[in-house]
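Worksheet: the structure to be examined is printed underneath.
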Amino acid sequence: MIDLHSHILPGLDDGSPNIAESLEMARLAVADGTTHMACTPHVVPGMYENGTENIVRAVHSLEQALRRADIPLALYVGADVHIAPDLPNQLTLGKVPTLNRSRYFLFEPPHHVLPPRLEELAMRLIEAGFVPILTHPERLTWIKANYDVVERLNRLGCLIQLTADSVVGAFGRTAHYYSEKLLGEGRVDIIASDTHGAKRRRPGLSQAFDVAAKRCGEDEAYNMVVRRPSDILANRPLEPVGKSTFAKMPSPDKVGRFGGIGRLLKGVSS
Ligand SMILES: [Fe+2]
């Protein structure tokens, strides 16, 4: 599986504090079936002053550490980009990284306050040639009173990323409710771990895959953790979330007999 949202780089934000923790996170991710991971530290002006240069350096150094420790996890450059008025410019100049230099980037609005002109900023980013991936809208406290904003951002062309822990119910009832709602409406493009550590907010997508498979069918769950993330890293255009997938949704017991993500991944490698 391909995890496009992680705070695995050591010492750059509130994620991994040191290389030992990063290696443990990588081990946990690999044990759970993650083969590729985008390293996406926070970019928040005045708080986490990260940018392309230092993130690329940190990815190279973690890659070397993974090789020495014999951990088979492929890393990609990215960032968890907080909204900022000059963001279209920062991305165009390459000062803030997209995901693996593609047109796609993680777009993080504030958690507790709906900022004015969020839709206008999204529009400017799309017009500049980028595809914002709205990070975990299910966890934003303002979603309750402003669900229509998420709907409109999605309609404008923003993709939707759910956090794996929200999907399995580990982020509380509200995040779980909105995960289910967004999945049910066919709005979810990808599921990612947003891992911050080896003990708290651990990596792993397999449990969320199982829940999404029961909700939307195995093929669509596969799209969320393998196919679309792979297209994003390769800068390919995405297939829209298929309504037809929902029509041929298998019953939960059938999903169990299919054998989960392992069976689907076997199909990919062969
Ligand atoms: Fe994040």
Item checked: Cβ-placed point charges (K, R +1; D, E -1), dipole of the stretch 24-70 about Cα centre in debye, nearest 20 -> 120 debye
Notebook entry, point to check: What does the charge dipole of the stretch 122-181 about its Cα centre add up to, to the nearest 20 debye, if the Cβ of each Lys and Arg holds +1 and the Cβ of each Asp and Glu holds -1?
Noted result: 100 debye
Next item on the list: Assign unit charges at the C-beta atoms only (+1 for Lys and Arg, -1 for Asp and Glu), then state the dipole size of the chain relative to its Cα centre in Debye, rounded to the nearest 20.
Entry: 560 debye
Margin query: Can you compute 3J(HN,Hα) from phi for each residue in the stretch 131-144, using the Karplus curve 6.51 cos²θ - 1.76 cosθ + 1.60 with θ = phi - 60°, rounded to whole Hz and x for Gly and Pro?
Written below: 10, x, 9, 5, 7, 5, x, 4, 9, 6, 5, 7, 5, 4
Checklist line | Helix-only mean residue ellipticity at 222 nm for the chain, each DSSP H run of n ≥ 4 adding -39500 (n - 2.57), per residue, nearest 500 | finding: -12000 deg cm²/dmol
Margin query: How far apart, in nanometres, would the label points at residue 48 and residue 84 be if each is projected 7 angstrom from Cα along the Cα-to-Cβ direction?
Written below: 1.3 nm
Next item on the list: Let me have the relative contact order for the chain, percent, based on Cα pairs under 8 Å that are six or more residues apart.
Entry: 19 percent
Notebook entry, point to check: With the dipole of the chain worked out from charges on the C-beta (+1 for Lys and Arg, -1 for Asp and Glu) around the Cα centre, which of 115, 17, 237 lies farthest toward the positive end?
Noted result: 237
Check: Counting only DSSP beta bridges with both residues in the chain, what percent are antiparallel, rounded to the nearest 5?
Finding: 5 percent
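No value in this document is a laboratory result; all are computed from the given coordinates. None of these values were measured; they are calculated from a predicted model. Every residue, glycine as well, gets a Cβ built from its backbone with ideal geometry; the counts of neighbours run over all protein chains shown.
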